[in-house]
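In what follows, a structure is listed as structure tokens, so that the remarks can point back to it.
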Number of protein chains: 2
Amino acid sequence: MQTVSTNRSHGGTQGVYSHASRETGTEMTFSVFVPDHAPGEKLPVVWYLSGLTCTHANVTEKGEFREACADLGLIFVAPDTSPRGEGVPDDGEGAYDFGLGAGFYVDATVDPWARAYRMRSYLERELPELIGAEFPADMTRQSIMGHSMGGHGALTLGLRDPERFRAVSAFAPIVSPINCPWGVKALSGYLGEDRVLWRQYDACALIEDGARVPDLLVDQGTADTFLDGQLKPELLRAACEKAGQPLTLRLQEGYDHSYYFISSFMADHLAWHAERLDA
Amino acid sequence: MQTVSTNRSHGGTQGVYSHASRETGTEMTFSVFVPDHAPGEKLPVVWYLSGLTCTHANVTEKGEFREACADLGLIFVAPDTSPRGEGVPDDGEGAYDFGLGAGFYVDATVDPWARAYRMRSYLERELPELIGAEFPADMTRQSIMGHSMGGHGALTLGLRDPERFRAVSAFAPIVSPINCPWGVKALSGYLGEDRVLWRQYDACALIEDGARVPDLLVDQGTADTFLDGQLKPELLRAACEKAGQPLTLRLQEGYDHSYYFISSFMADHLAWHAERLDA
């Protein structure tokens, strides 16, 4: 692991790091905020998965998470949204919603994506091992949150592994990629046309198929231009109601899809996570 | 005035606006955050002046001021750092510390700068008139803060007009442009070689020459790479001690010159301003 930069901030250290990933075969960059802590102390870890086009940098610069993390004693990890670099195939048409910056947190099975686009395994196995080895992280206390495509990532990783993640929340998530244009394009591209294989990457389908977590927290702005066409929180509400999965879905009046929205409710989410992490 | 964008954030409205400036002869862009407030209510105004290379956007995205402004009921105005656009002369060599992005909050008197580089008059007269006319602003309650070159701007505007500004603070300010390379380059370029004319644009010289405010708050990171060569807070401390000007100068261990530093102490500064603004 190489240190790209560290900056002291809000009584802690905001770092950016890179490493050669075995899963993606590329150099991967991520950020970690570590609050000041006692020697030998290990802190719980909140994972934040970002949305389409983003890198670790968007939330690191605009997410306004550091003050709350320092107050609550939480490590905050922000990975990238796809492999990057020479040799990583892109969609070739400059699309923002497939290829670079749009990994959708899947392990691709279709060529040419299958080699590098392994964000699921990267986040389920490789990066947690690195975080546990290199940072003062209590890996028995993890939680996950994300935005938009990263909200989809947080919900699906969280629902698939409730043993690992004690809290799961999202800002304006794609709740059912099977049922929206972004998701259909991504899942058909990365996984092919057998929709049975898509269900492990769809929060609503996972719940329909029996996945459960103690509770879910979702904030969604009512002025989000992607609300009706892509995000469709009503599908998550219906799936949760039908399955008896507890869900707190808050419609935030006048808020849009930007970090102006995310940053407004970040401290709320972190406090909710901290309760469930015994932080 | 044109509205470039508005986003709901932290229980208020973050806007970006532009207007044709009579002072600079250019289109000028600025941002304003207005917390939700009662109909007819007017809120005090905090001015934030940015540093070299910045526009309104840097603090708007990374300053972490909105939560505190919403809690305290403060309007937050972030202007640009120079005129911009076709026809505005630049230094021609791509320097970051003179010309575009580096107006140093002066009214230039030397050609070719004198026509457009009028950031002093823009901030002392034109933009306050616009803010008072277009926003729910109580212009009898104003304060000012800034960073680096903008800290210099905040200190000098504040010291020159204590009737207008009830509070003055700075993050890592250039405290004496007369005594640092950035300042000498800028003031000789914009004002010529008569150093008597420079003193109205130098916080230490203004204090030596009799300017006073009730108190000053300055935060300075000890890991700031510009500390010894450019910023020299010890000059401000000496000038204040000699003149009996109250100053709280806080050296923040390990913090650098970035927005990771500014955002860490932004809420502190805003609370200090709010007390003095009866907010």
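The values are calculated or read from the model by the stated rules, or taken from the named source; none is laboratory data. All figures in this text were calculated on a predicted structure; none of them were measured in a lab. Cβ: placed from backbone, ideal geometry, glycine included. Neighbour counts: every protein chain shown. Heavy atoms of the whole protein, side chains included, go into the accessibility calculation; ligands, DNA and RNA do not. Shrake-Rupley method; radii C 1.70, N 1.55, O 1.52, S 1.80 Å.
A few points about this structure:
- What the pair-distance distribution of the protein assembly as shown shows, using all Cα-Cα distances binned every 10 Å from zero, is 4, 17, 25, 23, 17, 10, 3, 0 percent.
- Calculated on the Cα set of chain A, radius of gyration then Dmax: 17.4, 52 Å.
- Taken about its Cα centre, the range A:2-277 carries a charge dipole of about 420 debye when Lys and Arg each add +1 at the Cβ and Asp and Glu each add -1 at the Cβ.
- For B:Val4, the amide hydrogen comes within under 5 Å of the amide hydrogens of B:Val16, B:Tyr17, B:Ser18, counting only partners 5 or more places away or on other chains and with H modelled in the peptide plane.
- Theoretical ellipticity at 222 nm over chain A - DSSP helices of four or more residues, -39500 (n - 2.57) apiece, nearest 500: -8500 deg cm²/dmol
- Computed from phi, the 3J(HN,Hα) profile of the range A:142-158 under the Karplus parametrisation 6.51, -1.76, 1.60 (θ = phi - 60°) reads 10, 9, 8, 9, x, 10, 6, 4, x, x, 4, x, 5, 5, 6, 4, x Hz, with x in place of Gly and Pro.
- Table column - 3J(HN,Hα) (Hz), the range A:51-59, Karplus curve with 6.51, -1.76, 1.60, x for Gly and Pro: x, 3, 6, 7, 10, 4, 6, 4, 6
- The packing ranking of peptides A:139-149, A:209-219, highest mean first, is A:139-149, A:209-219, where packing means the average number of other beta carbon atoms within 10 angstrom of each residue.
- Here, the range A:152-279 has an Rg and a Dmax of 14.4, 43 Å when only alpha carbons are counted.
- Pseudo-label separations to other copies for B:Gly92 - Cα-to-Cβ vector, 7 Å, nm: 4.8
- The dipole here belongs to the range B:180-279: it is taken about the Cα centre, uses +1 on the Cβ of Lys and Arg and -1 on the Cβ of Asp and Glu, and is about 220 debye.
- Cα-projected label distance for A:Ala20 with A:Thr225, points at 7 Å along beta-carbon direction, nm: 4.2 nm
- Vicinal HN-Hα couplings computed from phi for the range B:233-243 (Karplus, 6.51 cos²θ - 1.76 cosθ + 1.60; Hz; Gly/Pro x): x, 5, 5, 5, 4, 5, 5, 5, 4, 4, 8
- Partner shielding of A:242-255 amounts to 1, given as the average count of beta-carbon atoms from other chains within 10 Å of each residue beta-carbon.
- Partner shielding of A:5-14 amounts to 6, given as the average count of beta-carbon atoms from other chains within 10 Å of each residue beta-carbon.
- Net charge, A:Leu159 excluded, C-beta distance under 10 Å - Lys, Arg +1, Asp, Glu -1: -1
- Shortest-first nm distances, B:Pro246 label point to equivalent points in other copies (7 Å, Cα→Cβ): 5.1
- When the Gaussian network model of chain B links Cα atoms closer than 10 Å, the mean-square fluctuations of B:Pro83, B:Pro233, B:Pro128 top out at B:Pro128.
- Between the range B:92-115 and the range B:257-279, the Cα center-to-center distance that results, in Å: 29 Å
- About the Cα centre, charge dipole magnitude for the protein assembly as shown (Lys/Arg +1, Asp/Glu -1 at Cβ), debye: 380 debye
- Net charge of neighbours whose Cβ lies under 11 Å from the Cβ of B:Val46, counting Lys and Arg as +1 and Asp and Glu as -1: +3
- Peptide-level mean, for A:109-115, of C-beta atoms on other protein chains within 10 Å: 0
- In this structure B:Lys185 has an accessible area near 80 Å², from a 1.4 Å probe over the protein heavy atoms.
- DSSP bridge pairs, the range A:2-277: antiparallel proportion in percent, nearest 5: 50 percent
- Percentage relative contact order, the range B:1-82, counting C-alpha pairs under 8 Å, at least six apart: 31 percent
- Net charge contributed by nearby residues that have their C-beta within less than 9 Å of A:Arg8 (K/R +1, D/E -1): -2
- Each Cα pair under 8 Å and six or more residues apart adds its separation to the average, and for chain A the resulting relative contact order is 18 percent.
- Where Cα atoms sit under 19 Å apart: lysine pairs in the protein assembly as shown separated by 8 or more or lying on different chains: 5
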